[in-house]
Amino acid sequence: MTQTPLFDTVCFVGIGLIGSSLARAMRKHGLARRILTLDPSEKARKTALELGVVDAATDNPAAVIPEADLVVVGAPVGATQAVGGAIGPHLAPGTIVTDVGSVKLSVIRDLGPYIPDGVELVPGHPIAGTEHSGPENGFAELFEGRWHILTPVTGGDPKAVDKVAELWRRVGSQVEIMDPHHHDKVLAITSHLPHLIAYTIVGTANDLEGHMQQEVIKFSASGFRDFTRIAASDPVMWRDVFLNNREAVLEVIQRFTEDLTALQRAIRWGEGEVLHKRFTETRAIRRAIIDAKQA
Ligand code: NAP
């Protein structure tokens, strides 16, 4: 359904899975008159152009950033400082800069200093995604029924926050406002730790001897398969997430290790009631996720 455009020209800095999905959704709902991208990847630029996701693509910030009244940073979190240095001098007064990075404190730290007076930074994170990357894998419906977390900066203009919130609502998301520090702690347990566990399990299986490896693949439906999907996620993105949310992730790894040790002990000493109690408690979380329509 086409709606009144919220923005004249949007420029996606990084047109990968998330950037291209939002670009498609903005196109579908008529939320910007023109859609541009700034991306160092020739392949990504070519694909986004060929698929009609963007109207123009370049690796030259001066050619697109001054034109934009909305800039969406969709590059890996580790590239944020480089992005800031590239776009900062070209941002026009009145522009809103938002992002979709999975970590928020580091984005504010790395991008904030490059935002000139008269330009508003509204950091954000869509709780939606897949294990695929690149503009060929994006789709307009990715954000429908999903949460979008905004982590406004101190002293930011509430009107800019409202406008970015409206954008995400119009592409089908529910918006939650959160302190960036709290965001990084919550995501460390709900997203970052599960990915680390998946990478570990699949890595351990990969290190097994040849014949065991074949059986792991053959009998993967017994549980392993679900971990392999998560562990197929983009290595650059996830390297950057762990390096940039180090403190919160190390804290949850510590707690997880203690809980794992407690279960290890229960298994060793045959404490069935400890295992049964734990496994019963965790079922309730699954039911709550299904009830919240986030399954
Ligand atoms: P992606 O598909 O890998 O796309 C990232 C794009 O950014 C690539 O085309 C990349 O080019 C480009 N890029 C790299 N450095 C850049 C720079 N300095 N300036 C401009 N563009 C640059 O990644 P994605 O999955 O969309 O993730 C993008 C962001 O969304 C990340 O911050 C991630 O944490 C966040 N996020 C991802 C998910 C998910 O499920 N994937 C979910 C929520 C949030 P090269 O290929 O040449 O490096």
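The values are calculated or read from the model by the stated rules, or taken from the named source; none is laboratory data. Remember, predicted model here, so these are calculated numbers, not experimental data. Because the Cβ atoms are built from the backbone with ideal geometry, glycine has one as well, and the counts that use them run over all protein chains shown. Ligands, DNA and RNA are excluded from the accessible area calculation, which covers all protein heavy atoms including side chains. Shrake-Rupley method; radii C 1.70, N 1.55, O 1.52, S 1.80 Å.
Residues of region 127-148 being among the small types (G, A, S) and more than 7 Å from the ligand (Cβ to nearest atom), which ones? Show your work before the answer.
So in region 127-148, the residues among the small types (G, A, S) come out as 128-129, 133-134, 138, 140, 145.
If the condition is that a residue be among the small types (G, A, S) and more than 7 Å from the ligand (Cβ to nearest atom), then G138, A140, G145 are the ones that fit.
When you check T204 against the structure, is it closer than 29 Å to S102 by Cα and exposed (fewer than 11 other Cβ atoms within 10 Å of the Cβ), yes or no? Don't jump to the end; show me each part of the working.
Details: closer than 29 Å to S102 by Cα: yes; exposed (fewer than 11 other Cβ atoms within 10 Å of the Cβ): yes.
For T204, the condition - closer than 29 Å to S102 by Cα and exposed (fewer than 11 other Cβ atoms within 10 Å of the Cβ) - is met.
If you check every pair at least six apart or on different chains, which have Cβ atoms under 7 Å apart with a residue in region 275-295 that is over 14 Å from L263 (Cα atoms) first and a residue that is in a loop (DSSP other than H, G, I, E, B) second?
Listed by first residue and then by second, the contacts come to I289/A295; K293/G145.
Among what's in region 213-230 and is open to solvent by less than 80 Å² (accessible area, probe 1.4 Å) and not β-branched (V, I, T), pick the residue that is farthest from F256 (Cα to Cα). So that I can check it myself, show each step before the final result.
Let us first name the residues in region 213-230 that are open to solvent by less than 80 Å² (accessible area, probe 1.4 Å), namely 213, 216, 220-221, 223-224, 227-228, 230.
Now restrict to residues that are not β-branched (V, I, T): 213, 220-221, 223-224, 227.
On the way: Q213: 27, S220: 24, A221: 25, G223: 20, F224: 19, F227: 17 Å.
Out of the qualifying residues, it is Q213.
Among the residues of region 77-105, write down those that are over 21 Å from A165 (Cα atoms), in contact (Cβ under 8 Å) with a residue 40 or more places away in the chain and among the small types (G, A, S).
Passing the criteria: G78, A79, A86.
Out of H125, H148, H183, report the one residue that is surrounded by 21 or more Cβ atoms within 10 Å (Cβ to Cβ), assigned to a strand (DSSP E or B) and touching a residue at least 60 places away in the same chain (Cβ under 8 Å). Full working, then the answer.
Details: H148 fails: touching a residue at least 60 places away in the same chain (Cβ under 8 Å); H183 fails: assigned to a strand (DSSP E or B).
On inspection, the qualifying residue turns out to be H125.
Considering only region 91-108, how many residues are within 13 Å of the ligand (Cβ to nearest atom) and part of a helix (DSSP H, G or I)?
Result for region 91-108: 2.
For the subset of region 52-76 comprising residues that are in contact (Cβ under 8 Å) with a residue 40 or more places away in the chain and surrounded by fewer than 20 Cβ atoms within 10 Å (Cβ to Cβ), which member is farthest from the ligand (Cβ to nearest atom)?
We begin by selecting, within region 52-76, every residue in contact (Cβ under 8 Å) with a residue 40 or more places away in the chain; these are 53-54, 57, 64-65, 67-76.
Now restrict to residues that are surrounded by fewer than 20 Cβ atoms within 10 Å (Cβ to Cβ): 67, 69.
Details: E67: 16, D69: 19 Å.
Per the criteria, the residue is D69.
Name the one entry in W269, W238 that is without any contact (Cβ under 8 Å) to a residue 12 or more places away in the chain, aromatic (F, W, Y) and not assigned by TED's automatic domain parsing to the domain that holds S21.
Working: W238 fails: without any contact (Cβ under 8 Å) to a residue 12 or more places away in the chain.
Only one candidate qualifies: W269.
Which one of L111, L49, L36 is within 14 Å of the ligand (Cβ to nearest atom), open to solvent by less than 10 Å² (accessible area, probe 1.4 Å) and assigned to a helix (DSSP H, G or I)?
Step by step, each of L111, L49, L36 is checked, and only L111 is within 14 Å of the ligand (Cβ to nearest atom), open to solvent by less than 10 Å² (accessible area, probe 1.4 Å) and assigned to a helix (DSSP H, G or I).
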